Amino acid sequence: MTRMRILAVAFAIAVTASGASLPVAAQDWPTRPVTMVVPFPPGGGTDVLGRIVGRALSQTLGQQVIIENIGGAGGMIGSARVAHATPDGYEFVLGSRADAINQTLYKHPLYDLKKDLEPVILIADQPMILIARKGLPVDGLQDFIAYVKKHQTAMRSGSAGIGSTGYVDCALFNQAIGVKVQDIPYRGGGPALVDLIGQQFDYFCTLSPTAVPPVKAGLVKPIAMLSRKRLPSLPDVRTTYEQGLNFEASTWFGFFVPRDTPGAVIKKLHDATATAINTPSVQDQLAATGTFVVPQDHQSTAYLQSIIVPEIKKNGAPLRAAGMSIE
């Protein structure tokens, strides 16, 4: 056998071996701990959801799920980290409506949600709630609106960061009631909540899990659920609709992996997550925080894929109408 022939045979064997190794590796996944990137700091609604689901997912996967909080830019920094990670399934992100918002809000987003991240499964939905510092002298939404209109130049709102769903929804809420109030952007809902409890600013549009504990403890003043239905975990907090305002806001959450992640890995992560979130004890834990697991017919990978473009368009329209844009 000539030297050229030997090299050709060796190359063919190497190509065959490398091609066969990828499906085997995907089928064996995971063989070590995996990392769930939560693109907001600890203490907020996204973090609460991630930790509850992460604990259950560790059991269904048979490997530890490590939670890594990477906050900044309304969740964009954490999602961008995963978008550019190795596509092997060992790093995925708890994405949300914030990712759809960022595609329009930022003139130069750090990733393309349609191309750089592969959808895995839609997990849950969290309604938004309007809460205020305990000492704000108002009682109910209409009283709150009248007070803000009178004192808007001196008032301050807070948010989980520029680009976060609360930041956008509070800006749209302020527009709906006809006021302009300066926002104080924090690096997440948890840090913002600490300062609201300390009465460092006046009000906060935030995800329900962020608000439930301090409302129950009497540390902040609930103004309204930004929804059509009351929250079972806060049954005494009236909705915007009950208080005469046609305005609602909520945020969806789902898992995403880097583009080109093997299909077998995506299916394993999907199936393990579906098993975890459909466990009654997990659903009870989430419901107690004000989080609702999506119906099972919305839990397919195809369903999450189908809503990405519509969500970017739906969330982009009010942003453009309001002239909201960030470099």
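The values are calculated or read from the model by the stated rules, or taken from the named source; none is laboratory data. Nothing here was measured: the structure is a model prediction, and the numbers come from that model. Cβ sites come from the backbone with ideal geometry, for glycine too, and all protein chains shown count toward neighbours.
Determine if the range 268-290 includes at least one residue that is buried (at least 18 other Cβ atoms within 10 Å of the Cβ) and modelled with pLDDT under 95. Looking through the range 268-290, at least one residue is buried (at least 18 other Cβ atoms within 10 Å of the Cβ) and modelled with pLDDT under 95. Taking every residue in the range 36-65 that is without any contact (Cβ under 8 Å) to a residue 12 or more places away in the chain and pairing it with any residue that is surrounded by fewer than 18 Cβ atoms within 10 Å (Cβ to Cβ), at least 6 positions away or on another chain, the pairs with Cβ-Cβ distances below 7 Å are 58/64.
Please count how many residues of the range 279-327 are within 16 Å of residue 256 (Cα to Cα) and in a helix (DSSP H, G or I). Looking only at that region, the number is 12.
Is it true that residue 46 is assigned by TED's automatic domain parsing to the domain that holds residue 286, over 15 Å from residue 256 (Cα atoms) and of a type in the set (Val, Ile, Thr)? Judged against the criteria, residue 46 is not a match.
Screening the range 299-327 for residues that are among the β-branched types (Val, Ile, Thr) and over 19 Å from residue 107 (Cα atoms) and picking the one that is surrounded by the fewest Cβ atoms within 10 Å (Cβ to Cβ) gives 307. Selection within the range 191-212: residues that are closer than 10 Å to residue 159 by Cα and not aliphatic (A, V, I, L, M). The member of this set that is surrounded by the fewest Cβ atoms within 10 Å (Cβ to Cβ) is 191. Scanning the range 103-119 for residues that are farther than 24 Å from residue 299 by Cβ and either of a type in the set (A, V, I, L, M, F, W, C) or touching a Pro at 6+ places or on another chain (Cβ under 6 Å) (or both) yields 105, 110. Checked against (1) buried (at least 16 other Cβ atoms within 10 Å of the Cβ); (2) of a type in the set (Val, Ile, Thr); (3) in contact (Cβ under 8 Å) with a residue 24 or more places away in the chain, residue 239 passes all but condition (3).
When the range 132-167 is filtered for residues that are β-branched (Val, Ile, Thr) and either surrounded by fewer than 23 Cβ atoms within 10 Å (Cβ to Cβ) or more than 30 Å from residue 109 (Cα to Cα) (or both), the ones remaining, listed by number, are 138, 145, 148, 153, 162. The set of residues in the range 147-203 that are closer than 21 Å to residue 76 by Cβ, assigned to a loop (DSSP other than H, G, I, E, B) and not aromatic (Phe, Trp, Tyr) comprises 160, 161, 162, 163, 164, 187, 188. Evaluate the following for residue 286: is it more than 22 Å from residue 129 (Cα to Cα), in contact with a strand residue (DSSP E or B) (Cβ under 8 Å, 6 or more places away or on another chain) and of a type in the set (A, V, I, L, M)? Spelling it out, it is not the case that residue 286 is more than 22 Å from residue 129 (Cα to Cα), in contact with a strand residue (DSSP E or B) (Cβ under 8 Å, 6 or more places away or on another chain) and of a type in the set (A, V, I, L, M).
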